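Everything on this sheet refers to the single structure shown next.
Derivation of every value follows stated rules applied to the coordinates shown; laboratory data play no part. Just so it is clear, the structure is predicted and the values come from calculations on it, not from any experiment. Counting neighbours? That spans all protein chains shown, and the Cβs are built from the backbone with ideal geometry, glycine included.
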Amino acid sequence: MGTIRSDGVETETFSHELLVIDDSQLIHKLLKHNLKVENVHILSAKNGEEGLRMARDIQPTLILLDLNMPGMDGFEVLRALKDDPATLPISVIVISGSDETEDKVTGLDLGAVDYVCKPVEAAELRARVRSALRIAELMAMLEQRAQIDGLTGLWNRKYFDDRLADELSAKQRAGRDLSLALCDLDNFKSLNDTYGHAAGDAVLQSFAKILGKSLRRSDIACRYGGEEFGLILPDTKASAASIVLERVRVDLEETAWPRHPERNVTASFGVCDMVAGGSLEPLAWIETADKALYVAKSGGRNRVHVVDAKAMSEEALRAAG
Ligand code: GH3
Ligand code: MG
Ligand code: MG
C-alpha cells in the first residue's frame with residue numbers, strides 16, 4: 001500500500017511492524033520473501049536477547065519466534081515477553097522445527113497465539129500471520145472502546161486519569177508546558193428539568209463537537225463525569241489555553257438549540273498550568289483546576305478563570321513558612 005506525499009512521491013506505508021526472532025539468516029530471508037505481499041514491515045533479530053530489546057523499543061504488532069536458538073531459547077524469550085507489561089500485549093507466533101505435542105502445548109500455554117511447524121508452506125504462513133494481525137487489531141479496537149465515553153465519543157474518566165499521569169511525568173522529564181482545564185456546564189440540572197433528559201444529552205453531544213472543533217489534535221478532551229469535562233493541553237501555557245477555551249465558551253453560548261431556541265447554554269472553565277509548590281501529582285493539578293472552576297462558578301458562571309500562578313507561588317511560600 002502506498003501513500004502520496006505532498007511532493008508527489010509515492011512512499012510505502014505499513015499497517016504493522018512484524019519482528020522475526022531467529023538465529024538463521026536463511027529463515028529471515030525466506031520469511032521476508034514469503035511475507036512480501038502482506039502489508040507488514042519486517043524487522044529481524046538474530047537472537048533472543050536482541051529480540052527482547054527490539055520488542056521493548058519498537059512494540060511490533062506481531063513476533064515470529066524460533067524455538068531452537070543458541071543462548072536464550074524461544075520458550076525463555078516467550079516467558080520474558082509475557083512477564084514484562086511492556087511486551088505482554090504483543091502477539092507471538094512460534095515457528096518451530098519441532099512438531100512434538102509437548103512443545104506445542106508449552107508454547108501456547110506460555111501465551112503464543114499460534115504454533116507453526118517448519119517447514120511451513122508460504123500460503124499457510126501468510127494466512128496465519130493475517131489471522132494473528134486481525135485478532136491484534138480487534139484487541140486494540142476493544143481496548144480503545146473501553147476508554148471512550150459512549151454518549152459523547154470523547155475519552156472517558158479512566159483515560160483522563162491515565163493520560164494526566166503520563167503527561168505530568170513527561171513534563172517532569174522534558175520540562176514542557178502543560179495546561180489542565182476542568183469545565184462544567186452551567187445550570188444543567190435546570191435544563192434537564194425544563195426540557196428533558198434527551199435535550200440534556202443533545203447538549204452534551206454538541207458541546208463535545210465544539211471541543212473537537214476548537215482543540216488541537218494533541219489536546220485531550222475527556223468527559224470527566226456527568227456534565228463535567230477534563231481537558232489536557234500539552235505544550236500549552238494557561239494564558240494560551242484560556243484563549244482557546246474562551247473561544248469554546250463563546251461558541252457554546254452562541255449555539256442555537258432546535259429543542260429550546262429560547263434558552264442558551266453556557267459553561268464555566270477553570271484552568272491551571274502549574275500548581276502550588278510545582279507538584280506533579282495529578283490530584284494536586286485536578287484540585288487546583290477545580291478551585292479555579294469554583295471561582296468561575298461563584299463569579300457568575302459562563303466564564304474562564306485562570307489560576308493566578310504568581311499568587312499561587314506566594315501562597316506556597318507562605319505555607320512553607
Ligand atoms: P452548576 O451551574 O452549579 O454546575 O449547576 P448544575 O445544575 O449544572 O449542576 P448540578 O451538579 O446540580 O447538576 C448536574 C446535572 O447534570 C444533574 C444531572 O442530572 C445532569 N447530568 C449528569 N449526567 C448527565 C447525562 O448524561 N445526561 C443528561 N441529560 N444529564 C446529565
Ligand atoms: Mg457538575
Ligand atoms: Mg453544572
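If we count every other residue with Cβ under 14 angstrom of GLY212's Cβ, Lys/Arg +1 and Asp/Glu -1, where does the sum land? Write down the numbers at each step before the final one.
Values: positive: LYS209, LYS213, ARG216, ARG217, ARG223, ARG247; negative: ASP149, ASP219, ASP251.
Spelling it out: positives minus negatives among the neighbours equals +3.
Over all other residues within a Cβ to Cβ distance under 12 Å of THR106, the charged ones net out to -4, with Lys and Arg as +1 and Asp and Glu as -1. For the range 103-159 versus the range 297-321, the spacing of their alpha-carbon centroids is 48 Å. For the range 85-181, the normalised intensity computed at q = 0.11, 0.18, 0.19 Å⁻¹ comes to -0.57, -0.91, -0.96 (log10 of I(q)/I(0), Debye sum over alpha carbons, equal scatterers, no solvent).
Let a ≥ b ≥ c be the square roots of the eigenvalues of the Cα gyration tensor of the range 15-66; is it rounded (a/c under 1.5), or, if not, prolate (a/b larger than b/c) or oblate? In terms of gyration-tensor shape, oblate. Run the Debye formula on the Cα coordinates of the range 238-319, all scatterers equal and no solvent, and tell me log10 I(q)/I(0) at q = 0.13, 0.17, 0.22, 0.25 1/Å. Values, matching the q order: -0.47, -0.71, -1.00, -1.16.
Convex hull volume per residue, computed on the Cα atoms of the range 2-143, equals 123 Å³. Working note: 222 nm ellipticity from helices only, DSSP H runs with n ≥ 4, each -39,500 (n - 2.57), summed and divided by the residues of the chain, gives -15000 deg cm²/dmol to the nearest 500.
For the range 157-320, the equivalent ellipsoid derived from the Cα gyration tensor has semi-axes of 29, 17, 13 Å, listed largest first.
Can you work out D for the chain in µm² s⁻¹ from Stokes-Einstein, where Rh is the Kirkwood radius over C-alpha pairs, the temperature is 25 °C and the viscosity is 0.890 mPa s? Don't skip to the end; give the middle numbers.
Details: Rh = 23.4 Å.
Rounded, D is 105 µm²/s.
For ILE232, ILE93, the sequence from fewest to most other C-beta atoms within 10 Å is ILE93, ILE232.
Give LYS171/LYS310; LYS82/LYS104; LYS171/LYS297; LYS32/LYS104; LYS104/LYS158 a once-over and call out the pairs whose C-alpha atoms are over 27 Å from each other. Could you put the intermediate results ahead of the total?
On the way: LYS171/LYS310 20 Å; LYS82/LYS104 17 Å; LYS171/LYS297 29 Å; LYS32/LYS104 24 Å; LYS104/LYS158 38 Å.
With Cα atoms farther than 27 Å apart: LYS171/LYS297; LYS104/LYS158.
Compared with the dominant Cα axis of the chain, that is its longest principal axis, helix 238-253 is turned about 70°.
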